[in-house]
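Structure, as structure tokens:
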Amino acid sequence: MFALLSVVLTAASPGSLEHDFPAAKLFVRPGESTVSTAIGLDVPFTEPSPERARAFLFKYGGAFALSAEDELVLRSKRGDALLTTLRFERKKAGVKVYGAELILTFDRRAHLTMIYGGPQVPPAKGAWKLPSSYALEREPGATQVEAAWVHAGDVLRPAWIVTRALLEGPTVWLSVDAENGQILERRRIAWTVDGRVFDFSPVRSAPATLCAQQPDAGYSTCATSSLRTLGNLATGAMSLSGPRAVARNCQGQA
């Protein structure tokens with residue numbers, strides 16, 4: 001749960017979010033001092049430009065624990081007619097900080113309205129002394145490894161992130177301290193998605209005549225679908241595959 005950051009204009013210094021955007025709501029997690037979420041902003045941009053977005057974030061860098069040596073790398077730009085989001089990955093000394101993305105949301109006027117900063121980013125401590133091969137040996141069968149700063153108590157530690165995809169779908173994820181070899185965290189990640197599916201074959205449960213295409217009016221559903229959690233997906237899967245995943249049209253044709 002977030003605690004609302006009290007805005008005291010008399011104590012705020014120029015160039016701070018509190019001073020420049022008194023109508024905005026700034027949220028801080030308990031025990032932290034940086035802004036986790038800022039909503040109610042209304043900053044006009046000509047367009048949702050990554051360059052201007054970076055400049056804005058560094059101008060108010062103190063609110064998000066950004067320092068001059070940090071780097072923000074654009075990872076995605078998504079949007080439609082109503083909203084656009086820019087997702088930045090934070091890097092220190094050229095290495096990404098795991099779980100420390102900054103996400104900016106713009107409305108249809110290209111006005112910046114919200115910033116998500118996430119948990120407070122602590123100081124970085126340590127150096128990469130062990131090779132990536134050492135980390136891979138800690139998880140036999142793993143083939144993917146990358147360097148990252150990870151949260152370890154009240155500091156960021158240099159780590160190797162190792163992942164191993166299991167045959168049944170989940171992924172083993174672990175972080176290994178790149179300085180002393182300690183396993184900092186191990187997870188078993190099962191990727192899931194909510195999907196609207198038919199519990200029974202729509203062609204079996206209703207005559208094909210009930211599934212006829214309606215000219216210029218879409219189609220008539222042949223059976224009632226339901227929302228189900230589809231688990232054990234491959235990492236980053238955008239489609240389903242396998243003996244129980246079949247796509248058919250309303251006439252039962254695959």
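The values are calculated or read from the model by the stated rules, or taken from the named source; none is laboratory data. Keep in mind that what you see is a predicted model, and the values were worked out from it rather than measured. Reconstructed Cβ throughout: ideal geometry from the backbone, glycine too, with neighbour counts over all protein chains shown. Keep in mind that these areas ignore ligands, DNA and RNA; they rest on the heavy atoms of the full protein, side chains included. Shrake-Rupley method; radii C 1.70, N 1.55, O 1.52, S 1.80 Å.
Figures for the structure shown
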| quantity | calculated |
| --- | --- |
| Potential lengthening between Asp42 and Glu71 on full extension [0.36 nm per residue; Cα-Cα distance subtracted] | 8.0 nm |
| All-pairs alpha carbon distance profile, segment 20-60, 5 Å steps from 0, percent | 5, 19, 23, 27, 17, 6, 3, 0 |
| Accessible area, probe 1.4 Å, largest first, for residues Ser175, Ser33 | Ser33, Ser175 |
| Volume in Å³ per residue [convex hull over Cα atoms, computed for segment 32-130] | 100 Å³ |
| Which listed pairs, of Lys59/Lys92; Lys59/Lys125; Lys92/Lys129, have C-alpha distances above 22 Å, in listed order | Lys59/Lys125 |
| Segment 81-146 - accessible surface per residue (Å², probe 1.4 Å) | 52 Å² |
| Computed Rg/Rh of segment 10-87, alpha carbon atoms with Kirkwood Rh | 0.96 |
| Local electrostatic count, Glu71, Cβ distance below 12 Å [Lys/Arg +1, Asp/Glu -1] | +2 |
| Net +/- balance of residues flanking Pro44 in space, Cβ distance below 11 Å, scoring K and R +1, D and E -1 | -1 |
| Rg/Rg_ref, segment 88-193, where Rg_ref = 2.2 N^0.38 Å and atoms are Cα | 1.25 |
| Placed amide H near Ile189: partners under 5 Å, 5+ positions off or other chain | Thr171, Val172, Trp173 |
| Phi-based couplings in Hz for segment 20-36 (Karplus 6.51, -1.76, 1.60; Gly and Pro marked x) | 7, 9, x, 7, 6, 9, 10, 10, 10, 6, x, x, 10, 10, 9, 6, 8 |
